[in-house]
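For reference, the structure discussed in these notes is given below.
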Amino acid sequence: MLASYLLWLETQRGLSAATVRAYLTDVRQFADFLVEQGGSPEGLCDAGRRDVQAFLAELFRRGEARSSMSRKLAALRSFFHYALRSRLVKENPAKAVRNPRQESYQPRVLNVDEIFAVLDAEAGTDGDPLRHSRDRALAELLYGSGLRIAEALGLDVDDVQLAAGVVRVMGKGNRERLAPLSDSCVPALREWLDDRPLLAADGETALFVGIRGGRRMQRREAVRSMDRLGSLAGVTRHFSPHALRHSFATHLLDGGADLRSVQELLGHRRLTTTQRYTQVSLEHLMRVYDAAHPKARPGAQDTPEAAAPGGAPPEEDKP
């Protein structure tokens, strides 16, 4: 049954390979849980709402993150939706189960100075110039265009249109969009495209390739690449490749971009997904306010002298 479900996910849902693997893992975990509770290995289609609730309760007891619990519940909803369409079950027992209340989450962002330091980092005398050329182009693309790391690593050379200043991106759910390239990203990509043939394997179409083997760059290597750039730039705190996308969105909003435009640039289907970045920007504005406004400084007195510049009393409002 899981083999046919896998085929349905790949052909009908259009999900990414990573999501398909995660969904299959989650459904298998639920099947193992049913066996632990005394069920049979083939008892997936006999599960009811209480079984799904008991599964989530067990995940909570083990300390599973609520975001992970929500994904597993989404996987079960998807599986039972398929089973319902295939007439293997009479109802979807996961549909009526509510998502766990999510923890408050704020994306990690780098400030503008840190971003510039990362993008301007020099390779160093003992560094690999080809690797640095690739890593810098990847960082410029993640921050300058706000791509997901999976979107950037999934690009082929033909997706980049330097003359037009855009890149063709395949986002979640196979939704294609054109993302603009920043002024500093274009020369960085051009330099990498000149260097890429020295690393890429014969016939490899991927834009970003690994140092060993010359095949499409993997996420783990991308994480190490950003760590390397951060170290060269003197950024002491760890940041993931996705932090560059978060920084892209936050800095756009800080600069006055409207939320709907940022949604389109990020490739979000729902505006509510983009709205989580507004809290980050609000916190930045509050810090600026606290640092600059006379009435926000510690010890400021609520007096006319404190409120007026130069200590002079304010002019009375005229009728």
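We did not get these values from a lab; they are worked out from the coordinates using the rules stated. Nothing here was measured: the structure is a model prediction, and the numbers come from that model. We place every Cβ from the backbone using ideal geometry, glycine too, and count neighbours over all the protein chains shown.
Quick notes on this one:
- Couplings 3J(HN,Hα) for the stretch 235-248, derived from phi with the Karplus relation 6.51 cos²θ - 1.76 cosθ + 1.60 (θ = phi - 60°), are 7, 6, 8, 6, 9, 8, x, 5, 5, 5, 5, 4, 5, 3 Hz, where x marks Gly and Pro.
- Taking amide H as placed 1.01 Å from N in the peptide plane, residue 89 has its amide H under 5 Å from the amide H of 84, each at least 5 places away in sequence or on another chain.
- For residue 156, the amide hydrogen comes within under 5 Å of the amide hydrogens of 207, counting only partners 5 or more places away or on other chains and with H modelled in the peptide plane.
- In this Cβ point-charge picture (+1 for Lys and Arg, -1 for Asp and Glu), the stretch 1-50 has a dipole of about 180 debye about its Cα centre.
- Both the radius of gyration and Dmax for the stretch 2-85 are 12.6, 36 Å, in that order, over alpha-carbon atoms.
- Looking at the stretch 1-105, the chymotrypsin sites (Phe, Trp or Tyr not before Pro) that sit in a DSSP loop and have at most 14 other Cβ atoms within 10 Å of their own Cβ are 105.
- The string of couplings for the stretch 148-163 from the Karplus curve (6.51, -1.76, 1.60, θ = phi - 60°) is 5, 4, 5, 5, 5, 6, x, 6, 9, 4, 5, 6, 8, 10, 5, 5 Hz, one whole number per residue in order, with x for Gly and Pro.
- Distant-in-sequence amide H partners of residue 215 (H built 1.01 Å from N, under 5 Å): 201, 210
- Once you reduce the stretch 60-78 and the stretch 132-197 to the center of their Cα atoms, the two points are 33 Å from each other.
- Between 47, 33, 19, the Cα set farthest toward the positive side of the dipole of the stretch 2-85 (charges on each charged residue's Cβ, about the Cα centre) is that of 19.
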